[in-house]
Each structure stands twice: as C-alpha cells, then as structure tokens.
1. Can you work out ³J(HN,Hα) from phi for every residue in region B:154-165, in order, using Karplus 6.51 cos²θ - 1.76 cosθ + 1.60 and θ = phi - 60°, giving whole Hz and x for Gly and Pro?
2. Evaluate the distance, in nm, between pseudo-label points positioned 7 Å from the Cα of A:T124 and of A:L29 along their respective Cα→Cβ axes.
3. Just check region A:52-174 against the gyration tensor rule for me: Cα atoms, a ≥ b ≥ c as the square roots of the eigenvalues, rounded for a/c under 1.5, and otherwise prolate or oblate depending on whether a/b exceeds b/c.
4. Whole angstrom only: what separates the Cα centroid of region A:113-158 from the Cα centroid of region A:179-251?
5. Report the local net charge at B:F42: Lys and Arg +1, Asp and Glu -1, summed over other residues whose C-beta lies under 11 Å from its C-beta.
6. Within the set of other residues whose C-beta is less than 14 Å from the C-beta of B:L145, count the net charge using Lys and Arg as +1 and Asp and Glu as -1.
7. Compute the helix-to-body angle for A:206-216: its Cα long axis versus the longest principal axis of chain A, expressed 0 to 90° and rounded to tens.
8. With +1 on each Lys and Arg Cβ and -1 on each Asp and Glu Cβ, and nothing else charged, work out how big the dipole of chain A is about its Cα centre, in Debye to the nearest 20.
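Values quoted throughout were computed directly from the atomic coordinates according to the rules given, and no laboratory measurement underlies them. Keep in mind it's a predicted model, so treat the numbers as computed, not measured. Cβ sites come from the backbone with ideal geometry, for glycine too, and all protein chains shown count toward neighbours.
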Amino acid sequence: MISRPLPVATRTFLPIFGVASILVAWQFLLPAAGVPAYIVPTPTAVARVFGKSGSLLLGNFWPTAIEALAGFFIGNLAAVALAVVFVHSRALQAAYFPVVLFFNTIPILALSPIIILIFGLGMTPKIVIAAIICFFPTLVNMIRGLDSASSNEHELFHILSATRWETFWRLRFPRSLPMLFASLRIASATAVIGAIVGEWIGSDKGLGALIIQATFNYQSDRLYAAIVLSSALSIILFTLVAFFERKLVRY
Amino acid sequence: MSGVHSTPLAIEARKLEIGYRGEHTDVTVLTGLDLEVETGQFVCILGPSGCGKSTLLRVVADLLVPLSGQISVLGETPHAIRGRRDVGFVFQDAALLPWRTVRENIRLPLAVGRHSLTREVADKTDELLAMMGLSAFADRHPHQLSGGQRQRVAIARALLGEPRVLLMDEPFGALDEITRDRLNDELLNLWRRTRTTILFVTHSIAEAVYLGERVVVLAANPGRLVADIDIRPVKDHGNRCLREDPAIIAKMAELRQALERAS
C-alpha cells in the first residue's frame, strides 16, 4: 500500500511537536530521574545563560564564526582549484592524488598541534585547521563533478569546436555544481568543527575555548549554551549554502 | 573530387577501415567501406548492434579518425569541415544541457567554438522553436519536457547553423512508437523543405524504409556493407509513402533478407 503524504499543516506541526516534546521531557523528566544539573542542566537554565552572559557568548561566537567562515572559503577554494588542475592534467593527478589521499588519512586531531606550532596561537591556525577539514571531501567530489559530463556531451562540444576554456565553463563546471554543493553542505558543518578543535588546543577566545573552560569549571549551563551556539553557527552556514544552491542549481 | 559530379558529393568513402587503435593490435569495427552519398539525399544506415553504423557517423563528424582509407565530407576532410558548422549531429539521448532552457540549448552552437554564425542565425531561434512545435516551451528546462520534446530540441539545435549534412544517431530509438511515427513525419517535412543531406542511423527496418530514399545495410562481425537498396521507386517524388503500402512492405522484406543473408 502506498502511504499518502501528510497534510501541510500536520507536516509543519509535527516537527515543532517533536522538538517541544523532547524539551519538555528534558526539562521535567531528567531532573525527576535524578540526573544532576551539573551534568545535564535543564533547557530553561541554558536559556537563562543567554540572558545573563549574552555578551560573553557573543564575544566568543564571533572569533569562531570568522575562523569557520574563512576556513570554509579557503579550504573549498583550494580544493576546487586543485580539482580543476587534476582533471586537466591526468599526469599531475596520478602523481599527487595519492599524496593528498595519504595526507587525508592523518587524523585532524593529531595534525592540529603541529599546525599550532607552525602558526602560533592567533586565529590563523584555526582557519588552517578548518580549511584542511573542508578540503578533502570537496576535492574528491569536485574531481568527480568535473568529470561527470557524459561522453555524448563532450562529443557535442567537440563537434561545435569548443575550446578547453569553453568546455570548462559551459560544460564541466555547471555539471559539477550539484556535487560541489553536496560537499559544501558537509563542509558547512565540518568547518565549524575544525575551528572549535583548533580553539580547544590553544586559545582563550572562541566557542571552543569557552567549551573547555566551562567544562573545567563545571559551568554546564554555559557549556550547553556554547554547544547550542556552535550548532547554530553550522545551521547558519548550511542555510547559506542551501540558499546559493537553490539560486545556482536549478535542475 | 572526381569532377564527374556537378556538385561535390556530400559524403564519399573509399576503402574505409574504421576502428579503435589498440596497444598491440587495432580493433576493426567496419571494414572496406565504399560509399557515396549525393548532396540532398536522405540515407538510412541500417544494421544490428556492433555493425559499426554509429561509428561511421562518428568518423563523418570528426569524432574518430579512420584506421585507413579516405573519407571526405562536402569535398573536404571531416576535420577541415568541422569548424564551419556544416555538419549537425543529433545524439540518441538528445544530450541537452539541463541547466540551460530550451532556447539556450538551441543557441549553444552560438555560445561555443569559433564560428561564422551571425546575428541572423541567432534570430532564427524563434523560427526553429515554432517549426519544432516548441514555442510554448522556450523557457522550460529539459527535465520539464517529454522524451519526444527533448529530441525536437536536439534537432533544432543541430539545425541552428543550417548544416548541409545532418547526422542522426538513432535519434528516436528511445521513444514510444506513436511519438516516433510523428517525429518521423516531422523529419520528412523538414527534409523536404531544406533538402539537407541526412545520414540517419537506425536498427528499425520499418523506420529505415519509411524515412530513407536509400537504405545502406551493414552487417556485423566484421562490420561491412552488405546491401545498398534504392527506396525511391516505391515512393513519390517527395519521398512520401504509406506505411501499409504492399510495395513498402516488400522493400522491408528485401531488407530483412539482406540482413539475414549476411548473418
């Protein structure tokens, strides 16, 4: 049997109900079950932190946002550029793709101290870590995307005597956009992870630093608030990516 | 050219060997082909899978270099003629670019490559849209079209540069029979008006006889020409016929026999 789609009103209401039911359960059931507030503070306690220490949270939100955004742009741009080089030179791809692949197998957590040793304690190492974490998925997806035009499409461009440049801009690049955006969606979350991981290892600013400090001081309501903000940052980035995807990929 | 003909032949092949160069040995797909196609002729190339009929079109379109032998298109090599937009190609899968609208797809030949197509040609888009019954769909994207409509767009795109030779590689092979019949009639009307030389590859005997003035039959293993049958005697001057005409059905039987003898 084919299930009918839910009515629109129900479809809007159900997710709100889902979230609300979990928040209510969290608010009342967890304390009732004896989970102490220093492990899981109630949603209202977390909300109160936003009112009480709003400026502290915001002051730590911006550095992370800037690092994640800068890392997102640099990492993805570098990946796209390298993918363009690789699809136009099979020799370079054969020579250097394994190197990139090996580099990708190094856990980012193991790499981060080295990056901080190189770039110091400012924003730069966090941007670098966020960029590296975005880089590989976009590189792989972009190579596949740029190669995804069918042989008939390439033959059509050959018959029309299109130059390499024209074939790139009018065929390969537009063909790659769906795959590029698939990896940008992933990168919108991982860039934030990269920035926060960087801040954990060496920083006194940013949501990552705030998470570490709050954990050591048992300020779990502040810790949760920082987590909520990090996730909000990812959601904002994701929404931006989805917005441009809808504008640019109309098929 | 030989000078015997008043107009150069649209296509002339001599001892043509077509295949793919391998590391050690070449794989021959079509062997010893001699073929002359007069300007303005509608020729169908009929044969089973693997007979090299599509490969032949690819050689004419300069997508593949023959292993040996001569081929000329409008008196020149395929390579020399390619840049001039004198040869149009229609693929079986339409090969439309999904991010371009119908109008933009038809205008692709203006957007790429060095060409001498003028503003007038660009203004012909609306005419082509009307001719192919696509005016209402000009601003749609390919995924919003039916299979038959997509193939009409592909034909319009191939016609934009007013090519003197139109190569069609099983263009209606993936369509349902009703749509295919209708597009066959539209293509014949188009050919009567433009008298473009058409090389039409198909594996349907009925389609070959209905469309062609002449049917070239190829056999597989190895790919070779086994029959070259004139259909004009059973058609009127406009290359018109009825599908049920006994003379047409007799021609179909003749083609089927030629194919069976060869296999």
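1. Couplings: 4, 5, 4, 4, 5, 8, 4, x, 6, x, 8, 10 Hz.
2. 5.1 nm
3. prolate
4. Using only Cα atoms, the two centres lie 18 Å from each other.
5. On the way: positive: B:R192, B:R195, B:R214, B:R232, B:K235; negative: B:E38, B:E213.
Local charge sum for B:F42: +3.
6. Details: positive: B:R100, B:R103, B:R140, B:R150, B:R152, B:R157; negative: B:D93, B:E104, B:D139.
Once all neighbours under 14 Å are counted, the net charge is +3.
7. So the helix axis and the longest Cα principal axis differ by about 40 degrees.
8. On the way: 17 positive and 9 negative charges, 103 e Å.
Result for chain A is approximately 500 debye, rounded to the nearest 20.
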